[in-house]
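The values are calculated or read from the model by the stated rules, or taken from the named source; none is laboratory data. Quick caveat, the model's predicted, so the values are computed rather than measured. Glycine gets a Cβ as well: all are built from the backbone with ideal geometry, and neighbour counts include every protein chain shown. The area values use the complete protein model at the heavy-atom level, side chains included, leaving out ligands, DNA and RNA. Shrake-Rupley method; radii C 1.70, N 1.55, O 1.52, S 1.80 Å.
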Amino acid sequence: MTKDEFLTTLRTLIQDMPPEDRRDVMNYYTEYFEDAGPEREQEVLHQLGSPEQVAREVLGGGFAPAQEPAGAPRRSRGLISAIAMICAAPIALPLMAAGVLVVCCMALAALLCVGGLLLAAVVVVMMGGVSMGAALFAGGLGSGTVLYFLGSGLVLLAFGVLFVALFVRFGVFCFRKITDWASDFVNRRRVRQ
Amino acid sequence: MTFQLGAALLDACVLAVLSRGDAYGYVLTQQVRQVIEVSETALYPVLRRLQKDGCLDTYDQPYQGRNRRYYRVTPQGVERLEEYRQQWCLYKSRVDTILLKEGQENDEG
């Protein structure tokens, strides 16, 4: 890079500064090169770093980059999207209804699964309880029978606990998913507006 | 060099150098750079800051057919330099008590 390239780039980068400040900056750095002398031009370029670096330091006092040109004013944007929504309604409305229906079915299915698990858990625990109870009364029939009833009762109880655990896990999972989808839906609405 | 001057210390050094004699940008930067590494390029932001605070002002002198801008310390700048000097002595002694003293009362485990 040469001194002139450096200075030209720098001038472009700081063009949004107030004219007086911009002139001060350009004068300072132009003089800087000239005072160093042509023989030290490369040394100075090395010292100063890139024009971008210098511009950043110089702009550092709170100057913001140029803003994007403003989009269409808010009011006309609203009108246009309202018209678009009306035109799209014949297709959009049934689609939305279908979507809602799908969600409801999925919710129902999840509910049935969860309910089923709970039911299984309750039944199995009851069977386990009955079996263990039978063990108490079967004392007269011999220790083998008692052990059989006791053992099978415990196994059934274990399955019951497993079903309860699954029920809780699955239930929490479904609940989370539903709340996630719900909040996504609400947020998407908000962002569009 | 491991340590770098913070903004305040840099201001102080620039004021100190200028209090010994007016200088223009390039020479001033070289003088400060000789002593310590400066992260800022060419000191322009420092000089502008000090100018805005009223610690420096500038004047132009023709040189070889162009203008050379000199910086000089104002009375307010002299005051500020004195403040910085006092703070530096305090700061330096505090750092010394931690950094330079060998292991003393740290074995109270």
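General remarks:
- Surface composition of region A:119-173: carbon plus sulfur atoms hold 86% of the accessible area, using a 1.4 angstrom probe and ignoring ligands, DNA and RNA.
- Solvent-accessible surface (1.4 angstrom probe) belonging to A:Met26, in square angstrom, nearest 10: 20 Å²
- Estimated distance in nm for a label pair at B:Asp60 and B:Arg72, the labels positioned 7 Å out from Cα along Cα-to-Cβ: 1.7 nm
- Across peptide A:27-34, the mean count of Cβ atoms from other chains lying within 10 Å of each residue's own Cβ comes to 5.
- Over 17 Å [Cα-Cα, region A:102-182], rounded percent: 56 percent
- Nearby lysines by direct alpha-carbon distance to B:Lys101 (threshold 16 angstrom, same-chain neighbours under 8 apart not counted): B:Lys92
- Accessible surface of chain B [probe 1.4 Å, protein heavy atoms]: carbon and sulfur percent: 50 percent
- Gain in span if fully extended, A:Leu93 to A:Met126, counting 0.36 nm per residue against the direct Cα distance: 7.0 nm
- Total accessible area lost when B and A pair, probe 1.4 Å, Å² to nearest 100: 1700 Å²
- Rg and Dmax of the protein assembly as shown, Cα atoms only, in Å: 39.9, 126
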